[in-house]
Amino acid sequence: MRNRFKQAETETDEFMGNSINAYRLIRTVVQDWPNWLHYVEEEVGLKEIESLKSVQLALPTSNDLKLADVGLSQIADTYNLMPEDIASGLLLGKQHAATLTPLDCFEMGMFYVNAKFYENAINWLTTAQSLMKPRHRSNLYARLGLSSTNFALIQARYVQSRIKIEVIVCLVQLKLYITDNIEQARAVLENEPSLRGEVDKLLYEFGKEDAEVENDYEQKSLEFEFEYGKFCRSSYKMKLKRLSCFYKSKSAPFLQLAPFKVEQLSLDPYIVVYHDVIYESEILQLQSMTKSQLMGTTVKIETGNLQSSQHRTSRGAWLPHDDSSDADLELIDRIQLRTEHMTELLLESNMNLNMQFLHYGFGGHYTLHHDFLNLTLKSLVFDDRYATLLFYVNDVEKGGATAFPYMNIAVKPQRGKALVWYNLNPFSFDYDHRTLHAACPVVVGHKLGMFCSLNCLL
């Protein structure tokens, strides 16, 4: 454990950029650390307790573990990775030295149980069991607080969800038997010695409707409107027709000497990529000016208020901020002018260009969404997000693409390029719902970018 802490401190980007390392460290600190404190909470361990408590404020919290659960589930579900592969360190075809423990896999299994995704839960729980030494496998669940009866209910719920009819499912010797006769089900259960005392509970728990339970995980984040995961995978190849790459040199005089390199991805809606439009010195300055400002990002809910959401797991900093130096403001002005030349949209003041520097860590993602604000008053439509420009500030080893399911487009992060699209129809100013998009989960490494929304007229 001490070695993993040291690696996390001295090799932060490399160590925490690996999804398995990051998840295992967070889960261990949140769940195992209290046990260590309790273990040494004797007179001979008072000094050790004070030492442990002195660093506890800087350690991950239970909320960090929830986000880690969400992040790893997004990686597994989006990229179709099996629990046993993730646990062994096999991520998207590349073998890593980092692995998960049985406790890590058990935590993921219970996360899926709470989210009511029972097939995923069973896969993670059985993986946890398979990682144990043979002599410990039989009582793993019981030792961790999951009785055989509760595991039976998880399996039963999974079967019920698959066959889509009302049934009574009974577990006998860890095998499922299905019957539509409750009395027959009772007889089968009563003939099983290990379950005989649980018959009424099993029949009641399985027969009742699912109650509303407190569940911090937003279930819809796993139920995608589109199967957009295929666009996130490295095997996906875009099929673009009658599009071109060209040099853009007419929107400003200096572009005659250094034209923009433009790659068209779609003409309707208009989606293009500009290559090599943000430079190394600017990237380093952006990272420096935002390092201490990064905070959890938010989304707008139905009431119009902003709140954190597990649909969007990233940290961000709005620019400029109160501590921006003169040099920082000069950089922002240069980027604004460059944005005008790229989009040919007239930006009269900074109020028309909202800039946010973003950091996506392990499992960082933003599920399917539109960038327009969906303002209902026609008079306010021109205050909406007319276009979006997304600068990619670093290369990402695995994951992190921007996917547009309606358009069959996926753009991989690449240091120095910018992705531009229009959220509103340029003629009618109607919302273009085809711009529905998502930030795919980061699997290995981290993703840095700068989001710019352009709220202006042609």
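See the values below:
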quantity	calculated
Pairs beyond 22 Å (Cα-Cα), from Lys230/Lys300; Lys94/Lys230; Lys66/Lys116; Lys116/Lys412	Lys230/Lys300; Lys116/Lys412
Area projected by the alpha carbon convex hull of the stretch 232-358, averaged over all directions, nm²	11.2 nm²
Mean Cβ neighbour count within 10 Å, used as a protection proxy, ranking 55-61, 19-25, 88-94, 423-429 highest first	19-25, 88-94, 423-429, 55-61
Kirkwood hydrodynamic radius of the stretch 2-144, from inverse mean 1/r over distinct Cα pairs, in Å	16.3 Å
Per-residue Cβ neighbour rank within 10 angstrom, fewest leading, Trp318, Trp33, Trp421	Trp318, Trp33, Trp421
Ordering of 277-284, 319-326, 384-391 by burial proxy (mean other Cβ atoms within 10 Å per residue, highest first)	384-391, 277-284, 319-326
Percent of alpha-carbon pairs separated by more than 34 Å within the stretch 233-454	9 percent
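No lab work stands behind these numbers, since they all come straight from the coordinates. All values reported here derive from a predicted model rather than from experimental measurement. Note that we place each Cβ from the backbone using ideal geometry, even for glycine, and neighbour counts take in every protein chain shown.
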